[in-house]
Amino acid sequence: MTAYETMYILRPDLGEEQLDQAINKYQDLLKDQGVEDIDTQHRGKRRLAYEIQNFREGIYIQMNYNGQGHAIAKLEREMRISEQVIRYLTLRHEGPAAADAEDTESDDD
């Protein structure tokens with residue numbers, strides 16, 4: 001399994017109940033795809049660097065988890081068609097073995 005981090009921005013005009021429903025929707029979607037160790041952090045409402053879809057603020061949510069690539073594809077498809085999500089980005093974290101291999105190669109120079 002690979003470690004991933006997904007940061008997404010929800011519309012600032014969502015109510016508390018709608019916000020919880022959106023967060024639970026994406027967590028459940030990942031669980032259904034076999035993803036493990038989902039850690040969700042609510043980063044709060046923040047001002048955007050530039051206006052997106054006529055919004056100057058957004059609610060930032062960060063999810064860290066371990067899973068397969070096909071789960072991320074399904075998650076991003078759902079976010080892309082959702083009117084609640086303004087932006088999203090998923091990053092794959094390199095494991096410690098990959099970082100150690102890079103360090104060893106650079107030491108040989």
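Among the residues of segment 25-44, those that are among the charged types (D, E, K, R) and either part of a helix (DSSP H, G or I) or surrounded by 14 or more Cβ atoms within 10 Å (Cβ to Cβ) (or both) comprise K25, D28, K31, D32.
Only a single item in (1) more than 15 Å from R92 (Cα to Cα); (2) in contact (Cβ under 8 Å) with a residue 60 or more places away in the chain; (3) part of a strand (DSSP E or B); (4) hydrophobic (A, V, I, L, M, F, W, C) is not met by A22, and it is number (3).
Every residue, every condition in (1) farther than 20 Å from D13 by Cβ; (2) surrounded by fewer than 16 Cβ atoms within 10 Å (Cβ to Cβ); (3) touching a residue at least 12 places away in the same chain (Cβ under 8 Å); (4) in contact with a Pro (Cβ under 7 Å, 6 or more places away or on another chain), yes or no:
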{"site": "Q53", "(1), (2), (3), (4)": "no, yes, yes, no"}
{"site": "I59", "(1), (2), (3), (4)": "no, no, yes, yes"}
{"site": "A73", "(1), (2), (3), (4)": "yes, yes, no, no"}
{"site": "R87", "(1), (2), (3), (4)": "no, yes, yes, no"}
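Does segment 30-39 contain at least one residue that is β-branched (V, I, T) and modelled with pLDDT under 95? Yes, segment 30-39 contains at least one residue that is β-branched (V, I, T) and modelled with pLDDT under 95.
In segment 1-17, the residue that is nearest to K31 (Cα to Cα) out of those that are of a type in the set (A, V, I, L, M, F, W, C) and surrounded by 14 or more Cβ atoms within 10 Å (Cβ to Cβ) is A3.
The values are calculated or read from the model by the stated rules, or taken from the named source; none is laboratory data. The structure displayed is predicted, hence computed values, not measured ones. Neighbour counts are summed over all protein chains in view; Cβ atoms, including those assigned to glycine, are modelled from backbone coordinates with ideal geometry.
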